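Data first, discussion second: the structure below is written as C-alpha cells.
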Amino acid sequence: MRSRTPGPAPRILLTVVLLLATTAPAAADLARVRPDRVGMSAARIERIERVLRDHVESGRLPGAVGLIARRGRVVWHEAFGWRDREAQAPMPRDAIFRIASMSKPITSVAVMLLVEEGRLRVSDPVSLHLPGLGALPVAVESRDPATGEPRVERVPAVRDMTIQDLLRHTSGLTYGFFDDAWVDRQYLDLGVFTRDRVLADTVTKLGRIPLKHQPGTVWTYGVSTDVLGRLVEVASGMSFDRFLRERLFEPLGMRDTAFNLPPAKLPRVAALYETGGGGVARTELGDSQDLATPATYLSGGGGLVSTAQDYARFAQMLLADGELEGTRVLGRKTVELMRSDHLGDLPGLGRPGYGFGLGFAVRTSPGLAGHPGSVGEYHWGGAYGTTFWIDPAEELVAVLMIQLRPVNHPYRDEFRGLVYQAIVD
C-alpha cells in the first residue's frame, strides 16, 4: 500500500509521507488480501496504476485515491499525485474528499433505517410528515397562440409526492440550475440553495414553488434528497448530522465522514480543481477552511466529505445485505428493495441500460450502457468527480476519489473498465 507521487518533491518528504500512510491506525480498515485470492490479477491491476500515474504526470489529473474490494476483502487501495498540487503535498490514501452527490445514497439509507423502525413508510405522502409540501400545483409552460408569448399555468397535482418519489427522483422537485424552465428560475429567484439557513427553511421555500412535473411521472434530478434529510430530522427527532453520526457513521467505523471537520483533519482535505482554458486550475473551494465552520445547511444531497476507505465500508455493508463485521444496519430485504429498479418505463434518466432504485442508479441490461458491468450493479457519483459502484454478481465494491470538475471527463468510465478487466476467475 504505497503512495504514488510524481515530480520534484524531496525524497525525505516522500519518505515521511509514506511512513505516515503505512503506519496510520487501521482499526477501521477492511481486511486486505492478494488479488489472486479473490479471482483478480495483480498484473492487470497494475494497469490501473499505470493509467492513473500517466494522467497525473501529464497534468490532466492532480491526484486520486482508488480502492477495490472483492468478496469482502480489499485487493487494491492506492493514492496518486497531489492532495494539493500547488503546495506539492502528496495525496495520502486517507485523503478526505468532498463527495457531493455521493451523499445521496447515505441519506437514502438513513431514511430506510426509519422505514424499518416503522416511523416512515416508502409509500407515505411526504405531506404526512412535511405538511408544507402537500397539494403543490404543477407548472405547465406553453405559448400564447395569439402572441407567442410564454405563459405558465398552474394545474392541480394528480397526487402528492411520496417518500418513494423523493428516493427515486420522481417528486417533481428539481435543482434549478440544469434547465432554464420557469420552475427552475423560481428556485434561483427564491434562493432555495442559500446555505446560511437550515433544512426546514429550504422545505418552506419549496412549498412556495409549483412542481416541475406530476409526481411519479418523470425522473428529474434535484433537491429531493435534501428534503429526505429534513424528513429524517422530523421522523427521528434528531438533527440530521447527529442521526448520521450515531446511526451510520459510528456503527460502520466511518471515522472521517461528516459535514464538518475538526482542525486536525483539515490537512488531509484534497484541494478541488477545475478544467478549462486548456489546463487544470485550483478553484475557490481549494481551501479546506470552510469545512472547519459548523454547517447550518446539512445537505443530504451533497454536503458530506469522506474517504475512499470510509465509503468502501458503507458500500460493503450494502453488498453484504445490510451488515458489516457483525454490525447490522439494514435488513436483507430492505437492501434488496433499494437496489431494485423503481423507474420501469418512466422517462428522464437518460442512461441506456439503467433504471433507478432508492438512492442510486441500477443496471437493468447487460448491454446498452457501453461499459462493462453486471445486471443488478448499482452506483452513483459526485459533482467533483468521485464515484463508486457495487456489483453483487461479482461481489465487488469499487471507489474512485478525485476532485476535478466539471465531470464530463473520462476518468469514471475509464476506471470502471480497468477494474473489470482485472477480474480473471
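The values are calculated or read from the model by the stated rules, or taken from the named source; none is laboratory data. All values reported here derive from a predicted model rather than from experimental measurement. All Cβ positions, even for glycine, are placed from backbone atoms using ideal geometry, and neighbour counts span all protein chains on display.
Observations on the structure shown:
- The set of residues in the stretch 124-183 that are in contact (Cβ under 8 Å) with a residue 24 or more places away in the chain, surrounded by fewer than 16 Cβ atoms within 10 Å (Cβ to Cβ) and within 21 Å of the chain's Cα centre (by Cα) contains only PHE178.
- 2 or more residues of a type in the set (Ser, Thr, Tyr): qualifying strands (runs of 3 or more DSSP E) within the stretch 63-158: none
- Qualifying residue in the stretch 411-423 (condition: part of a loop (DSSP other than H, G, I, E, B) and surrounded by fewer than 18 Cβ atoms within 10 Å (Cβ to Cβ)): no
- Cβ separations smaller than 7 Å between residues 6+ apart or across chains give the following pairs from the stretch 317-341 residues that are modelled with pLDDT of 95 or more to residues that are polar (S, T, N, Q): GLY322/THR334; LEU324/GLN316; MET338/SER108; ASP341/THR364.
- The stretch 111-158 - residue that is of a type in the set (Ser, Thr, Tyr) and in contact with an Asp or Glu (Cβ under 9 Å, 6 or more places away or on another chain) and, of those, modelled with the lowest pLDDT: SER142
- Scanning the stretch 383-407 for residues that are within 14 Å of TYR273 (Cβ to Cβ) and either modelled with pLDDT of 95 or more or not aliphatic (A, V, I, L, M) (or both) yields ALA383, TYR384, GLY385, THR386, MET401, ILE402, GLN403, LEU404, ARG405, PRO406.
- Screening ARG242, ARG197, ARG185 for residues that are in a loop (DSSP other than H, G, I, E, B) and either among the basic types (Lys, Arg) or over 30 Å from GLY59 (Cα atoms) (or both) leaves exactly one candidate, ARG197.
- Whichever residue in the stretch 326-355 is of a type in the set (Asp, Glu) and either closer than 17 Å to TYR378 by Cα or touching a Ser or Thr at 6+ places or on another chain (Cβ under 9 Å) (or both) and, among such residues, is surrounded by the fewest Cβ atoms within 10 Å (Cβ to Cβ): GLU336
- Subset of the stretch 286-315 (residues that are assigned to a helix (DSSP H, G or I) and within 18 Å of the chain's Cα centre (by Cα)): LEU291, ALA308, GLN309, ASP310, TYR311, ALA312, ARG313, PHE314, ALA315
- Any hit, the stretch 263-274, residues being buried (at least 18 other Cβ atoms within 10 Å of the Cβ), in a strand (DSSP E or B), touching a residue at least 24 places away in the same chain (Cβ under 8 Å) and among the hydrophobic types (A, V, I, L, M, F, W, C): yes
- Qualifying residue in the stretch 112-120 (condition: outside the structural domain of PRO262 (by TED's automatic domain parsing), under 20 Å from the mean Cα position of the chain (by Cα) and not basic (Lys, Arg)): yes
- Qualifying positions in the stretch 75-93 - out of contact with any helix residue (DSSP H, G or I) (no Cβ under 6 Å at 6 or more places or on another chain) and under 12 Å from ALA270 (Cβ atoms): ALA79, TRP82, ARG83, ASP84, ARG85, ALA87, ALA89, MET91
- Residue in the stretch 351-365 that is modelled with pLDDT under 95, basic (Lys, Arg), under 25 Å from THR225 (Cα atoms) and assigned by TED's automatic domain parsing to the domain that holds GLY277 present: yes
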